[in-house]
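K.L.:
Mind looking over this structure? Questions follow.
We did not get these values from a lab; they are worked out from the coordinates using the rules stated. Everything numeric here is computed off the predicted structure, so don't read it as measured data. Here the Cβ positions follow ideal geometry from the backbone for every residue, glycine too, while neighbour counts run over all protein chains shown.
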Amino acid sequence: MYPVVEVLLSTYNGAEFVEVFLESLSHQQNVRISLQVIDDGSTDETVSIVQQYSSQFFEFELTECERNGPAKNFMTLLKNSKYDFIAFADQDDIWHSDHLFNSISRLYDQNSPALTFTAVQEFDSKTMRLKNIWPKKYPNNSIAAIAFENYARGCVIVLNKQAVEIIRPKIPRVYVMHDWWALLVLQSCGRVIYSQSPEIDYRIHDHNFTSKNRLSFLSFIPTLFSGQWLAYSQLQELHRLHVDQMHHDQRIQLEHITTLHKYVFAGFKYSIHARQKHRMNRTHEFRLRLGLIFVKFLVRNTNLE
């Protein structure tokens, strides 16, 4: 009997792409799929398309809600998950037929909390041409390296049950996205297994949620006035919820970063002297370090401590 993988999917106005994704999902080899869907108030044909595929899976459940956003929807789905392997999915990608089987194979011999993810093949939605393979590598054993950049696209993340049991009881009050949060928790409290071989074709188009929310230099301006840096607050929340479960070296790294805002020159010293690279792109790394110089002013309004 093939193992069951619980696939969590949040949809919203995805009629243009979701059928191609569901077709690739229905062709996953050597697994049975329990598909759990939350639709976020779609106004197109997304719901009817998803329902047409309900018989293609071992189990199927569809819930409809009104614009909670993907991060909250995935956390809701994760909270209600019940099987030994749980996979995140996006509505607009194309999965290679061996993605789920390869992923759970990497997790099978793990007796502790573990997360696996792979690189993705990015392709242009208009030309269908391959653009890039991302990420090229993963900085294992360093919470600092992923503190300000998410290396794991949600659509390639697969968790074992032990990983879910760490995340589920301690839902954060503030976090950027569900996939980044899961990666941070497992890097600091469990194990992350990265495969450089792409198992998903990741569609680049004008409506990607993550591409619309990438950090820009100008985004530091409203952060400066609001006094709350969301990525930094996410790290503070990670420490508050999971400090007792963290690996010692990861806890030390995290505590170094999350106390920078308490001292006037701490951010400046860290920006100048830190050897650890925090962003893959050099320009983004420069912008981040510039922001960290002013971290005491960027992080003023927080009730997470």
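K.L.:
Search segment 248-281 for residues being in contact with a helix residue (DSSP H, G or I) (Cβ under 6 Å, 6 or more places away or on another chain) and hydroxyl-bearing (S, T, Y), and hand back the single one that is surrounded by the most Cβ atoms within 10 Å (Cβ to Cβ).
P.N.:
T258
K.L.:
Conditions first: (1) polar (S, T, N, Q); (2) in contact (Cβ under 8 Å) with a residue 24 or more places away in the chain; (3) part of a strand (DSSP E or B). N150 passes all but one, so which condition is the exception?
P.N.:
That leaves (3) as the condition not met.
K.L.:
Report the residue count in segment 28-56 for those that are part of a loop (DSSP other than H, G, I, E, B), touching a Ser or Thr at 6+ places or on another chain (Cβ under 7 Å) and in contact (Cβ under 8 Å) with a residue 40 or more places away in the chain.
P.N.:
Residues in segment 28-56 being part of a loop (DSSP other than H, G, I, E, B), touching a Ser or Thr at 6+ places or on another chain (Cβ under 7 Å) and in contact (Cβ under 8 Å) with a residue 40 or more places away in the chain: 2 in total.
K.L.:
When you look at I104, is it over 17 Å from the mean Cα position of the chain (by Cα), surrounded by 19 or more Cβ atoms within 10 Å (Cβ to Cβ) and not in a loop (DSSP other than H, G, I, E, B), yes or no?
P.N.:
yes
K.L.:
Can you tell me which residue is nearest to W180 (Cα to Cα) among those in segment 130-147 that are assigned to a loop (DSSP other than H, G, I, E, B) and touching a helix residue (DSSP H, G or I) at 6+ places or on another chain (Cβ under 6 Å)?
P.N.:
A147
K.L.:
While we're looking at this one, here's another question. I'm trying to understand the selection: among the residues of segment 268-278, which are under 14 Å from N140 (Cα atoms) and among the basic types (K, R)?
P.N.:
Scanning segment 268-278 gives a single hit, K277.
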